[in-house]
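Reading through the structure tokens given below for one structure.
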Amino acid sequence: MKKEIKFNIEDLDLFYGEFQALKKVNLEIEKNEITAFIGPSGCGKSTFLRTLNRMNDLIENVKITGHVTLDDQNIYNAIDVIKLRSRVGMVFQKPNPFPMSIYDNVAYGPRVHGIKKKQELDEIVEKSLKNAAVWDEVKDRLKRNALSLSGGQQQRICIARALAVEPEVLLMDEPTSALDPISTLKIEDLATELKKQYTIVMVTHNMQQAARISDKTAFFLLGELIESDRTDKIFSNPNDKRTEDYITGRFG
């Protein structure tokens, strides 16, 4: 069965001033899958992830060429950036809940998009917290400051906040790097569950994590996409010696 392509990236170059951070990246990201980006620090993984919801637009002297389409629409000229970011949510490396209640964190996006009715917001908050697998832990303390939660719970609140605006894609930039092993496992289980409804693109430094939960893995090195393939193929029989050297720990 042919998979549906969610993002199609063609010949993407990205410059910070004179420095070229991404070089001719070509990649297809399939719907309802987890795609993992691996590679050593500074190789362009996070920069590339941020092109998918135009977060790099916020940095001065950035120049981007090439094509990035979401459902065949060019994200740089056919989709309004605010609309794009409601369709493509983002979860960052360190949990970053707003300094407000758990409820208000999750209701923030829907309110920005004009939803004001309490009943509607209540439903969205409950559904989003359930989808982020944190409802049972926080349902009796929704008025508490989200910053009072543990790191793992805070990260799941951030995932719930991203889900509340009903995105199609969830970008995760090393979402477990600041968490303990038990919280990490919860986020991994959650990602596996969420891909039934969402397309997930994840940057990870943890190769075991990529091997455990991703369907497809893309290996970056010095701003180039060296290869991408089904995860089991990348980890068992990569085409490029540099991929094999990185995965077997010869460098990185």
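Can you list the residues, at least 5 places off or on another chain, whose amide H is less than 5 Å from the amide H of Met90, using H built in the peptide plane?
Close amide H contacts, sequence-distant or interchain: Leu171.
Whole-Hz Karplus ³J(HN,Hα) for segment 89-103, in order, using 6.51 cos²θ - 1.76 cosθ + 1.60 and θ = phi - 60°, x for Gly and Pro?
Ordered by residue, 3J(HN,Hα) equals x, 9, 10, 9, 4, 9, x, 10, x, 5, x, 8, 5, 4, 4 Hz.
Viscosity 0.890 mPa s, temperature 25 °C: give me the Stokes-Einstein translational D for segment 170-215 in µm²/s, with Rh taken as the Kirkwood radius over C-alpha pairs. Kindly include the intermediate steps, with their values, before the conclusion.
Numbers: Rh = 10.6 Å.
Rounded, D is 230 µm²/s.
Suppose every K and R has +1 on its Cβ and every D and E has -1 on its Cβ; what is the size of the dipole of segment 1-59 about the Cα centre, in Debye to the nearest 20? Write down the numbers at each step before the final one.
Working: 9 positive and 9 negative charges, 36 e Å.
Using only the charged Cβ atoms, the result is roughly 180 debye.
Would you mind calculating the gained length between Glu10 and Ile115 on full extension (0.36 nm times residue separation, minus the Cα-Cα distance), in nm to one decimal?
On the way: separation 105, 0.36 × 105 = 37.80 nm, distance 3.66 nm.
Value of the extension gain: 34.1 nm.
Take the Cα coordinates of segment 1-72, assign each an equal point scatterer, and use the Debye formula without solvent to give log10 I(q)/I(0) at q = 0.11, 0.13, 0.21, 0.27 Å⁻¹.
Reported log10 I(q)/I(0), two decimals: -0.28, -0.39, -0.95, -1.39.
Cα centroids of segment 1-80 and segment 110-171: how far apart, whole angstrom?
Cα centres, segment 1-80 to segment 110-171: 27 Å.
Arranged by the count of other C-beta atoms within 10 angstrom, fewest first, what order do Ile159, Ile124, Ile82 take? Before the final figure, lay out the partial values.
Values: Ile159 27, Ile124 21, Ile82 9.
Going from least to most buried by this count: Ile82, Ile124, Ile159.
Below 8 Å, C-alpha to C-alpha, sequence gap of six or more: please give me the relative contact order for the chain in percent. Intermediate results must be reported in sequence, preceding the final value.
Details: 479 pairs, mean separation 69.1, N = 252.
It comes to 27 percent, rounded to a whole number.
Under 5 Å between amide hydrogens, which residues at least 5 positions from Met202 or on another chain qualify, with H placed 1.01 Å from N in the peptide plane?
Here Thr35, Ala36, Phe37, Met172 satisfy the definition.
From the phi angles alone, apply the Karplus equation (6.51, -1.76, 1.60; θ = phi - 60°) to segment 196-204 and give each ³J(HN,Hα) in whole Hz, x where the residue is Gly or Pro.
So the Karplus estimates, Gly and Pro as x, are 5, 10, 10, 9, 10, 10, 10, 8, 9 Hz.
Considering the dipole of segment 88-246 built from charges on the beta carbon (Lys and Arg +1, Asp and Glu -1) around the Cα centre, which of Leu171, Thr243, Leu121 is farthest to its positive end?
Value: Leu121.
Sorting Phe37, Phe235, Phe19 on the 10 Å Cβ count, fewest up front, what's the list? Please list the in-between numbers first.
Values: Phe37 26, Phe235 20, Phe19 9.
By the 10 Å Cβ count, ascending, the order reads Phe19, Phe235, Phe37.
Please express the Cα-Cα pair-distance distribution P(r) of segment 5-247 as a list of whole percents, one per 5 Å bin, running from 0 to the bin with the greatest distance.
1, 7, 14, 18, 19, 16, 12, 8, 4, 1, 0, 0
Would you mind ranking Val169, Val134 by Cβ crowding within 10 Å, fewest neighbours first? List each step's numbers first, then the result.
Details: Val169 21, Val134 24.
In increasing order of surrounding Cβ atoms, one gets Val169, Val134.
Would you mind checking which residues have amide H under 5 Å from Ser101's amide H? H placed 1.01 Å from N; only 5 or more apart, or other chain.
It is Ala146, by chain and number.
Bear in mind these aren't lab numbers, they're just calculated from the coordinates by the rules spelled out. These figures come from a predicted structure and were not determined experimentally. In this analysis, Cβ positions are derived from the backbone assuming ideal geometry, glycine residues included, and neighbour counts consider all displayed protein chains.
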